[in-house]
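Asks: Mind looking over this structure? Questions follow.
The values are calculated or read from the model by the stated rules, or taken from the named source; none is laboratory data. Here the structure is a predicted model, which is why all the values come from computation and not from measurement. Every residue, glycine among them, receives a Cβ derived from its backbone with ideal geometry; neighbour counts consider all protein chains shown. All accessible areas refer to the heavy atoms of the entire protein, side chains included, with ligands and DNA or RNA removed. Shrake-Rupley method; radii C 1.70, N 1.55, O 1.52, S 1.80 Å.
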Amino acid sequence: MPAMQILTGLTVAVMGGDAREVTLVECLADVGATVKTFGLPVKGPNIIPCPEPEGCLIGVQALILPVPGVNEQMELSSAYLKTKPKINGELLSLLPAGTPVLVGVARKPLRELLEKNALEPVELMELDEVAIPNSIPSAEGAVQMAMERLPITIHGANAMVLGFGRTGQTMAQLLSNMHANTTVVARDPAQLARASAMGLKALHFKELVDYLRDVDVIFNTIPAPVISGEILQRLPSATLIIDLASAPGGTDFLKARELGIEAVLAPGLPGKVAPKTAGMILARVVPGILLQKIGH
Ligand code: NAP
């Protein structure tokens, strides 16, 4: 069945990105948007590849940046460009004030630049309708990493999940479904009660130090320094830590190395392990946001 042409008449720019943005561009074009692209290997009806970022921005009503946005040097995240252009005020001045700029995560320098140019940031990863489905490839990817590194099965392993938000809940549920002895560690009594109601062991952070002796694997989802030297010192040296929290993660990685504990920061798992799914998650949400922000 052909897709409903809900974005007909709308022109958007998609700059940089990876396989997720390729899927997103195809879906946006499929529902009638004219999509100007820069740095993406995607062709088709309604898709206009642009050789320069400037040309990509002219005449568009919204800009979509890659999920990771830009790096500290303000370079556009891109899997396909050898030379990554910098996103600066001059480039963004090509967009009229008030233009929505959709991005997975807007770090402080990008947020400040968008504000300076009177553009409207929309952080997609902040939205539950993106973050919750995205937690599925994140959790699957984290389990995959653990399976590749552990000498034991997930089944029967003593696993801890730190944090019980959108990622932590899916992570703990997946581990439990795989018959790991799963303990959730959180600070919010309501989250602990929910974990307990789901049949998981629940532990307040205050109690954590007393429960570290038999841990095989820790999955951290808390973007704060929660796996400190004190915690690390009490862990068996064979414990594996998969840290999913956004950079720099929640682990004292230097201390872990000193103690011979394997700790791995695991950013951007959905884009790595399931780019098609991750692109579809964006494609389900972005048309609605565009209609809401721009309408016609
Ligand atoms: P979320 O829904 O906000 O959940 C965050 C959890 O961390 C909550 O349980 C929260 O508890 C807890 N927390 C935050 N600060 C804390 C602190 N100082 N001490 C103790 N607990 C604290 O966030 P999310 O969507 O699950 O994302 C979690 C992290 O994973 C983010 O950094 C996100 O960028 C990252 N992420 C990574 C990947 C990947 O591929 N690696 C994929 C998706 C997300 P309270 O409610 O008590 O604050």
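Asks: So who's got an amide H within less than 5 Å of the one on VAL184, skipping anything under 5 residues away but keeping other chains? H placed 1.01 Å off N, in plane.
Replies: Here VAL161, LYS201, ALA202, LEU203 satisfy the definition.
Asks: HN-Hα J couplings of the stretch 118-124 from phi, Karplus 6.51/-1.76/1.60, θ = phi - 60°, integer Hz, Gly and Pro as x?
Replies: Working through the residues one at a time gives 6, 9, 9, x, 10, 8, 5 Hz.
Asks: Also: Between ALA247 and LYS43, what FRET efficiency follows from the Cβ-Cβ distance if R0 is 22 Å, with the result rounded to 0.05?
Replies: According to the calculation, E is roughly 0.05.
Asks: Further, regarding this structure: So, for the chain, what is the accessible surface per residue at a probe of 1.4 Å, expressed in square angstrom?
Replies: Here the per-residue accessible area is 48 Å².
Asks: Still on this structure: What is the calculated FRET efficiency for TYR80 to ARG257, with r their C-beta to C-beta distance and R₀ = 25 Å, to the nearest 0.05?
Replies: Here the calculated transfer efficiency is 0.15.
Asks: Please compare each pair in LYS255/LYS276; LYS84/LYS272; LYS86/LYS272; LYS84/LYS108; LYS43/LYS108; LYS82/LYS116 to a cut-off of 30 Å on the Cα-Cα distance and tell me which ones are over it.
Replies: Flagged as over cut-off: LYS255/LYS276; LYS43/LYS108.
Asks: What cysteines in the chain have no other cysteine with a beta carbon less than 4.7 Å from their beta carbon?
Replies: CYS27
Asks: Could you check the simple spin-label distance between GLN233 and HIS179, using points 7 Å along Cα→Cβ, in nm with one decimal?
Replies: Output for this residue pair reads 3.8 nm.
Asks: While we're here: Name the longest site-free stretch of the chain, where the excluded sites are trypsin sites (Lys or Arg not before Pro) in a DSSP loop with no more than 16 other beta-carbon atoms within 10 Å.
Replies: 214-296
Asks: To continue, here is another question. How much solvent-accessible surface does PHE38 expose, in Å² to the nearest 10, with a 1.4 Å probe and all protein chains in place?
Replies: Near enough 20 Å² of accessible area.
Asks: Let's test the formula: R0 of 30 Å, r as the Cβ-Cβ distance of GLU90 and GLU120. What FRET efficiency results, to the nearest 0.05?
Replies: Computed FRET efficiency for GLU90 and GLU120: 0.95.
Asks: Still on this structure: Please get the size of the charge dipole for the stretch 135-265, origin at its Cα centre, with Cβ charges of +1 on Lys and Arg and -1 on Asp and Glu, quoted in debye to the nearest 20.
Replies: For this selection, approximately 240 debye.
Asks: Same structure, new question: Roughly what % antiparallel, to the nearest 5, for the DSSP beta bridges in the chain?
Replies: Bridges in the chain are about 5 percent antiparallel.
Asks: Given only helices, namely DSSP H runs of n ≥ 4 each adding -39500 (n - 2.57), what is the per-residue ellipticity at 222 nm of the chain, to the nearest 500 deg cm²/dmol?
Replies: Using -39500 (n - 2.57) per qualifying helix, the result is -11000 deg cm²/dmol.
Asks: Further question: Express the carbon and sulfur contribution to the solvent-accessible surface of the stretch 135-265 as a percent, rounded to the nearest whole number, probe 1.4 angstrom.
Replies: Whole-percent figure for carbon plus sulfur exposure: 50.
Asks: First compute the accessible area of the stretch 38-90 with a 1.4 Å probe, then give the percent of it belonging to carbon and sulfur atoms.
Replies: Accessible surface attributable to carbon and sulfur in the stretch 38-90 totals 56 percent.
Asks: Taking every DSSP beta bridge that has both residues in the stretch 135-265, what percent is antiparallel when rounded to the nearest 5?
Replies: Taking every DSSP beta bridge within the stretch 135-265, about 0 percent pair in antiparallel fashion.
Asks: Net charge around GLN173, counting only other residues with Cβ within less than 14 Å of its Cβ (Lys, Arg = +1; Asp, Glu = -1)?
Replies: +2
Asks: Below 8 Å between Cα atoms, with a sequence gap of 6+, how large is the relative contact order for the chain in percent?
Replies: Result for the chain is 15 percent.
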